[in-house]
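Trainee: Here it is, the structure, as structure tokens.
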Amino acid sequence: MKYAVYLNVTYKPSIRDPEGETISKDLLGRLGYSVEVRAGKCLVLVIDAQSPEEAASNALKIAKEARLGNPNVHVVEVLKVAPL
Amino acid sequence: MKYAVYLNVTYKPSIRDPEGETISKDLLGRLGYSVEVRAGKCLVLVIDAQSPEEAASNALKIAKEARLGNPNVHVVEVLKVAPL
Amino acid sequence: MRIAVLKFPGTNGDYDVLRALELAGARGELVWYRDYAAGKYDAVVLAGGFSYGDRLRAGAIAAATKAMDHVREDAERGVPVLGICNGFQILTEAGLLPGALIPNDPPGFISRWVAVRVVDTRTPFTYLYEEGEVVYMPIAHGEGRYVPAGEYKAAFKYVDNPNGSYDNVAGVYEKNVLGLMPHPERAVDPHVSRRGAGGLKLWLGLISWLRR
Amino acid sequence: MALSPGELELIRSALGREPTEVEYALFRSHWSEHCSYKSTRMWLRRLPSKAPWVVRGPGTDAPLVEIAEGLYATFKIESHNHPSAVDPYNGAATGVGGIIRDILTVGARPIALLVNLHFGPPSHPHARWIAVNVIRGISDYGNRVGVPVVGGETWFHEDFTYTPIVLATCVGIVEKDGVPPGGAEPGDLIIVAGLGADKSGLGGSAFASKTLSEEAEEDLGAVQVADPLMGKKLIDLVREARSCVKFIKDLGGGGLATALAELAEWFQLGVVAELDKIHMADREMGPAEVLTSETQERMVFVTSPSKLECLERLLEKFEVPYSIVGRFTAEGRVVLKWRGEVVGDLPLSLVAKAPETPWPQEPYAPPPLPHVPEPPIEKAIDAVLSSPNVAFKQAIYERFDFDVGVRTVLKPGEGDAAVLKIYERGNLGLAVKGDANPRFTYLNPRLGAANAFIKAYRNVAVVGGRPLAAVDSINVGSPSRPSAYWQFVEAVEGLREAAEALGVPIVGGKVSLYNEYKGKPVAPTVAVVVLGVVEDVSKVNKAVWKEGDGVYVWGV
Ligand SMILES: Nc1ncnc2c1ncn2[C@@H]1O[C@H](COP(=O)(O)OP(=O)(O)O)[C@@H](O)[C@H]1O
């Protein structure tokens, strides 16, 4: 079966996220919202697998091997697995 | 209660995604994987709400008002809502 | 003396490096990434630009090419390796230099002439400078904020931090491998440079190092 | 936009039959205003375009101006107003990509970009959203392909809140023997290289020939995602392809339909195209769609069968997908095939140009000038200097890599025009600047247009440039609106007068009509880019002062 695995490649919490801060302050703040924002990259990988769990773990394996995140600065997390 | 709402801002499915194509072909392809990839921006908004549903719908409302995506070309979808 | 100027899809500083080398008195060779082979060149320059369009993140995809395995092999043999801007990003992504270069703080691409201090002159590229010398070079990047991961040796530091780099770091080195975000190839021609040809001594240094 | 009844009748009577679906698509696309200039070319013909140093004037993808013995400059301006209104980021980026590819058609190296940007007031959220994304689009595209944005002009006015005017100019240089020689013969091949055709651009040119109302979801077909990586590969390819090709064309507005029609017309040869041979990103396309798809980042190369291998080697090296789509024939017909079957067969004479359609004109009296109060001088200075139209533009031009290429002698903010070093000829330089003032063109389209020309001319002159040639961009409302059409005609007249008085030929340009929002046309906007030669870049005038320098005012 095919699954869409949604990965979030985002900076480790110890690293400041100026993009998120700017969206929060300049864009949302100007509209009167006070909302904290963190920005990352969402990569959707289409994976063949027997189960959602297998799809997720395969996607993370590929992400690691291909360095979809830079281990020095990023964390890669699965946000969602959807059957296709 | 506070929720982290994970939004994916990505091109509509009918629109090409050159970044996803390059990652799929020039990075994963080179490692021997044949995996389709779509790239988008993941924005995590921290929202005060009574329920996860309310948090999600508030986040989408803010995203629309602030034009976090361009309605002509992007879709903004909720990937995950996590209580904080 | 063979100096390779390595070009990936999206590299755009290749001809600028060739011209800087020419102004400094040497001839470089433009080498397409699939043609690069270890053991052929006395030095290699990874020129600036946007390899693979900066997709995924700057330098990440070029770093995974076979060409970079060859560059690694050459580097281990003592061949001087220079990465400028995107070249620096590729070197950190490929693990030839420590740390990472992440999007600027404040965010956004920035194009500006900046003052840069040479803080280490023990490299094939910096030994003609005085220690502490301040030179002007342009920066033009969106992902130039240096984040260390463990030990690193800085060779250049910004006088005024433009991008949120840790400890004002503008360039780092490891033995014979140097990477920097400012563009020394754009600070050679006197008509185009601002406040002196700040990049010239780097090229002269490399050339005389190779001739020694 | 559909063909007019008159146009349809003309096609029917010339063919003696109904056009096929594919033929109809070709006419619809190639005869659109955007591609055929049917409402404007009779006026544009009046513009002076000749000078001893003009080697190739208007009418092709890019002109050639001799700037030194055996060395040509080329430059052209493009408007991307409608796409930038709908998708400011990709609209502006693809505009930059498109104008660069025009420059590539003469085998030139693109060395500089200029942008003329007209936005709504920065205090308006929608106007700011457009401005921020247009600037990001130009930055991301120009920086990635390595062509420096060396100058421009930015203007804020409420007319542009929903319909910005986004103009990009590219300057290139090419040695005389680097220009593809032309001279196609029957049997020569037509190759399409770059991205696979997709539906994303369908109706783009037709879209540019329409006015905007609300944000129109159904207009999506016209929006394209920019692909600067492919754009850069095409630049690299052309740099090495000169000895392998006879002719290069951009695949722009009108897609293959326009490219084939123009090739046939240019060489006065027939063309046979096998539309199913073209590489596609989208397998579900039929012949009419392939013919009119406006997928960006594609170019057409013409080569002889004996040079094909040379070209293919480069296409493979730079990882550019391509397909051999057609060839020239001795019969004067454009023949379109799909899976072996003829789906269109048109005489060359009919394809070439849409019939001209002049529209009625009606002058309007601009409203009386608003009363300008006379504030105390200190306040006046504050008011003028803090106006966004006058304020420092550093926040904009710092987003652009203005030094890549290592030619930028006068950088943004350092002088009235940008100066580029043509180091191929020692200290030779080029000075360029683009100017427009929608307020003036609104009050008086004729004088306003002339003023834009003269201002750009002055800007080039004061840095030490000798003006050689100009390109212009005229942006008005729908031509069916007599006042808008009158504005256009008056603007052309003003440009003509200025060009003649200054002795500077107009070697190219762009007209954009239908710049309206909810039935209201924007202030007519005429931009002129002047290019001049600087004998010695070491003598260029920089805007650098020191204490004790005098200030002089010249002129009336
Ligand atoms: N959108 C832009 N992109 C790049 N440079 C720009 C832009 N807008 C203005 N500039 C540059 O800023 C400087 C001032 O421009 P402008 O205000 O138009 O000056 P002037 O009115 O004297 O012609 C010039 O160097 C110009 O090229």
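Where a number appears in this text, it was derived from the coordinates with a stated rule and is not lab data. Not measured: the values here are computed from a predicted model. Positions of Cβ are generated from backbone atoms using ideal geometry, with glycine treated the same way; all protein chains shown enter the neighbour counts.
Trainee: What full-extension length gain, to one decimal in nm, is calculated for residue D:46 and residue D:554 as 0.36 nm per residue of separation minus the Cα-Cα distance?
Mentor: 179.6 nm
Trainee: Dipole size in debye (nearest 20) for segment D:413-556 around its Cα centre, Lys and Arg Cβ +1, Asp and Glu Cβ -1?
Mentor: Charge dipole, segment D:413-556, about its Cα centre: 300 debye, nearest 20.
Trainee: Which trypsin sites (Lys or Arg not before Pro) from segment C:66-156 combine a DSSP loop assignment with at most 10 other Cβ atoms within 10 Å?
Mentor: C:77
Trainee: Tell me, what ³J(HN,Hα) does each residue in segment D:378-383 have, in order and in whole Hz, if you take phi through Karplus 6.51 cos²θ - 1.76 cosθ + 1.60 with θ = phi - 60° and put x for Gly and Pro?
Mentor: Computed from phi, the couplings for segment D:378-383 are 4, 5, 4, 4, 4, 4 Hz.
Trainee: Next question, about the same structure. Per-residue Cβ counts within 10 Å, from other chains only, averaged over C:185-194: what number is that?
Mentor: What the average comes to for C:185-194 is 5.
Trainee: Over all residues in A:64-77, what is the mean tally of Cβ atoms on other chains that come within 10 Å of each residue's Cβ?
Mentor: Per residue, the average neighbour count from other chains is 5.
Trainee: Among D:525, D:392, D:29, whose Cα lies farthest out toward the positive end of the dipole of chain D, if unit charges sit on the beta carbon of Lys, Arg (+1) and Asp, Glu (-1)?
Mentor: Comparing the listed Cα positions along the dipole, D:392 ranks first.
Trainee: Follow-up question, since we're still on this one. Select from segment D:40-87 those GluC sites (Glu not before Pro) which occupy a DSSP coil region and have at most 12 other Cβ atoms within 10 Å, ordered by residue number.
Mentor: Here the sparse-neighbourhood loop sites are D:69.
Trainee: Still on this structure, please answer the following. Describe numerically, in nm with one decimal, the distance between label points set 7 Å from Cα along Cα→Cβ at residue D:466 and at residue D:342.
Mentor: Label at residue D:466, label at residue D:342, 5.6 nm between them.
Trainee: Need one number: % antiparallel among DSSP beta bridges in chain D, to the nearest 5.
Mentor: 80 percent
Trainee: Then there's this: Go through the protein assembly as shown and flag any cysteine with no other cysteine's C-beta closer than 4.7 Å, please.
Mentor: Taking the Cβ cut-off of 4.7 Å, the unpaired cysteines of the protein assembly as shown are C:85, D:35, D:170.
Trainee: I would also like to ask the following. At R0 = 30 Å, how high is the FRET efficiency between residue D:279 and residue D:349 if r is their beta carbon distance? Nearest 0.05 is fine.
Mentor: It comes out at approximately 0.45.
Trainee: A further question follows. Specify, per residue and in Å³, the volume enclosed by the convex hull of the alpha carbon atoms belonging to segment D:32-179.
Mentor: Taking the convex hull of the Cα positions in segment D:32-179, it is 118 Å³ per residue.
Trainee: Could you rank the peptides D:11-18, B:70-77 by their average count of other C-beta atoms within 10 Å per residue, with the highest value first?
Mentor: Those peptides, ordered most packed to least, come out B:70-77, D:11-18.
Trainee: Sort chain A into rounded, prolate or oblate with this rule: let a ≥ b ≥ c be the square roots of the eigenvalues of the Cα gyration tensor; rounded if a/c is under 1.5, and if a/c is not under 1.5, prolate when a/b is larger than b/c, oblate otherwise.
Mentor: Because a/c hits 1.5 or more and a/b fails to exceed b/c, chain A counts as oblate.
Trainee: When the chain is fully extended, how far beyond the present Cα-Cα distance does residue D:447 get from residue D:369, taking 0.36 nm per residue of separation?
Mentor: In short, 26.5 nm is gained.
Trainee: Quick check on my link table: of C:7/D:317; B:25/D:317; D:277/D:337; C:7/C:153; A:61/B:80, which ones sit more than 18 Å apart, alpha carbon to alpha carbon?
Mentor: C:7/C:153; A:61/B:80
Trainee: While we're looking at this one, here's another question. For segment C:1-128, what does the alpha-carbon gyration tensor say about shape, rounded, prolate or oblate, given a ≥ b ≥ c as the root eigenvalues, a/c under 1.5 as rounded, and a/b over b/c as prolate?
Mentor: It comes out rounded by the Cα gyration axes.
Trainee: Rounded to the nearest Å, what's the spacing between the alpha carbon centres of segment D:65-120 and segment C:45-62? Just the number, please.
Mentor: About 24 Å separates the Cα centre of segment D:65-120 from the one of segment C:45-62.
Trainee: Let me ask you something else. Quick query: amide H of residue D:297 versus all other amide H atoms, modeled in the peptide plane; which residues come in under 5 Å with a sequence gap of 5 or more or a different chain?
Mentor: none
Trainee: Here is a follow-up. Once you list every other residue whose beta carbon is under 13 Å from the beta carbon of residue D:78, what net charge do they have if Lys and Arg are +1 and Asp and Glu are -1?
Mentor: -1
Trainee: Could I ask something else about it? About the Cα centre, and with charges only on the beta carbon of Lys, Arg (+1) and Asp, Glu (-1), how big is the dipole of segment B:2-83? Nearest 20 debye, please.
Mentor: 120 debye
Trainee: Suppose every K and R has +1 on its Cβ and every D and E has -1 on its Cβ; what is the size of the dipole of chain D about the Cα centre, in Debye to the nearest 20?
Mentor: Result for chain D is approximately 980 debye, rounded to the nearest 20.
Trainee: Mind listing the phi-derived Karplus ³J(HN,Hα) values for segment D:312-328, rounded to whole Hz, using 6.51, -1.76 and 1.60 with θ = phi - 60°, and x for any glycine or proline?
Mentor: Result, rounded to whole Hz: 4, 4, 5, 4, 6, 4, 8, 6, 10, x, 7, 8, 8, 9, x, 8, 7.
Trainee: Picking from A:1, A:69, A:18, whose Cα lies most toward the positive end of the charge dipole for chain A (charges on Cβ: Lys, Arg +1; Asp, Glu -1)?
Mentor: A:18
Trainee: Rounded, prolate or oblate: which fits the protein assembly as shown when a ≥ b ≥ c are the square roots of the eigenvalues of the alpha-carbon gyration tensor, with rounded for a/c under 1.5 and prolate only if a/b beats b/c?
Mentor: Judged from the Cα gyration tensor, the protein assembly as shown comes out rounded (a/c under 1.5).
Trainee: With θ set to phi - 60° and the Karplus curve 6.51 cos²θ - 1.76 cosθ + 1.60, what are the ³J(HN,Hα) couplings of segment C:46-58 in order, to the nearest whole Hz, using x for Gly and Pro?
Mentor: 8, 6, x, x, 9, 4, 6, x, 6, 5, 6, 6, 3
Trainee: Continuing with the same structure: Using label points projected 7 Å from each Cα along Cα→Cβ, tell me how many nm separate residue C:66 and residue B:67, to one decimal.
Mentor: Result for the modelled spin labels: 4.7 nm.
Trainee: Here is a further query. Using DSSP to call loops (not H, G, I, E or B), can you name the trypsin sites (Lys or Arg not before Pro) in segment D:285-392 whose Cβ has at most 14 other Cβ atoms within 10 angstrom?
Mentor: Hits after loop and neighbour filter: D:339.
Trainee: What does the structure give for B:9-19 when I average, per residue, the other chain Cβ atoms found within 10 Å of the residue Cβ?
Mentor: The per-residue average across the peptide is 5.
Trainee: Still on this structure: What is the set of long-range amide H partners of residue D:512 at a cut-off below 5 Å, with H atoms built 1.01 Å from backbone N?
Mentor: The list, which skips near neighbours in sequence, is D:474, D:475, D:476.
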